Amino acid sequence: MGTPTVAKSSPTPPRSGVESLAGQLRLSLFDFTFSTSYATGGEVFDPATTNPNEVKTVLAVFVMDAGSGHKFGWDSVNKKIKAYWSGTASAVLNEVTAATNLSVTPGLLKVLVVHR
């Protein structure tokens, strides 16, 4: 199992990648790259640990598709991003096999975190 790369994204125009919303809600955008060896159950992503000065309580996490054919989901209990895929258009999505190298997946994942 490898270690994913997580970095605060720098979109424009929001300041420092964080934009205030309706009172106390905030958005933070992160760039996420999977490790070279996917772990069964997902790759660890804990927004509160990644950015403790800004993220106090995580309310929701949205993982945006990187256009790779994979789909991604947030496991809030285990604080992990899971990767899914299917070999055919009509098949059910299954979790990516352990040790798959997803670091070569085209483009970074964008992870949007809604928090207080």
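Here residue 103 fulfils each of the conditions (1) within 30 Å of residue 24 (Cβ to Cβ); (2) of a type outside the set (A, V, I, L, M, F, W, C); (3) modelled with pLDDT under 85 apart from (1). Given the criteria surrounded by 16 or more Cβ atoms within 10 Å (Cβ to Cβ) and either modelled with pLDDT of 75 or more or over 28 Å from residue 26 (Cα atoms) (or both), does residue 92 qualify? Taking the combined requirement at face value, the residue does not satisfy it. Of the residues making up segment 58-89, those that are among the β-branched types (Val, Ile, Thr) and modelled with pLDDT of 85 or more are 77, 81.
The values are calculated or read from the model by the stated rules, or taken from the named source; none is laboratory data. Note that this is a predicted model, so its numbers are computed, not measured. Every residue, glycine as well, gets a Cβ built from its backbone with ideal geometry; the counts of neighbours run over all protein chains shown.
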